[in-house]
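Here the structure is laid out as structure tokens; the discussion comes afterwards.
The values are calculated or read from the model by the stated rules, or taken from the named source; none is laboratory data. None of these values were measured; they are calculated from a predicted model. Cβ atoms come from the backbone with ideal geometry, glycine included; neighbour counts cover every protein chain shown.
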Amino acid sequence: MKKNKISDSLFHGYLISIITTILLIIWVRFQPIDSIYWLLMPLIPAITISMFILFSRNNQVRTIIKSCNDTILYSVTALTTSLLILNTLSGKKIDFFQALMTNLIGYILLLTYTILLTIKSGIAASESIDFIKAIRSSDQGSHQK
């Protein structure tokens, strides 16, 4: 029963992290931004949840979070690359960087991508730790036989 509570709290933490980040983006948008700290503040919830994922041993919840995160991350990547394909095929070149990346839309897109990559790196690090432990324990077992 305790494992389910931990699982639920990790997944709910992931959802709360996303909601908190969205609220911080909205809040930062209306602040007089004269410091880089205001721009980076929405990354704090993603970094926090990545630390919880890193030290979580619940593979099932980590897999669910990974699947949700990958869905959004790959969708953003597919959208970005499709815009680049349009630029290679059309006779008229469209400067997507100038149109999308030098305003609030660009800030939100880059921030979203950075948050998703931060969470993905936490999951990858957690999986790496598990794989290393599994290899070490299998090496220990083979030496004892």
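Things worth noting here:
- Every residue from region 109-143 that is touching a residue at least 12 places away in the same chain (Cβ under 8 Å) and aromatic (Phe, Trp, Tyr): Tyr113
- Verdict on Ile53 being out of contact with any Ser or Thr (no Cβ under 9 Å at 6 or more places or on another chain) and at pLDDT below 80: no
- Those residues of region 109-131 which are surrounded by fewer than 15 Cβ atoms within 10 Å (Cβ to Cβ) and either touching a strand residue (DSSP E or B) at 6+ places or on another chain (Cβ under 8 Å) or at pLDDT below 80 (or both), in sequence order: Leu110
- Within region 26-50, the set of residues being out of contact with any helix residue (DSSP H, G or I) (no Cβ under 9 Å at 6 or more places or on another chain) and modelled with pLDDT of 80 or more is empty.
- Evaluation of Gln144 against (1) at pLDDT 80 or above; (2) over 24 Å from His12 (Cα atoms) (one fails), failing number: (1)
- Pairing each residue of region 79-108 that is more than 22 Å from Val28 (Cβ to Cβ) with any residue that is outside any helix (DSSP H, G or I), provided the two are 6+ apart or on different chains, yields C-beta distances under 8 Å for Leu86/Ile94; Asn87/Lys93; Asn87/Ile94.
- The single condition from (1) closer than 14 Å to Lys120 by Cβ; (2) at pLDDT 80 or above that Leu23 fails is (1).
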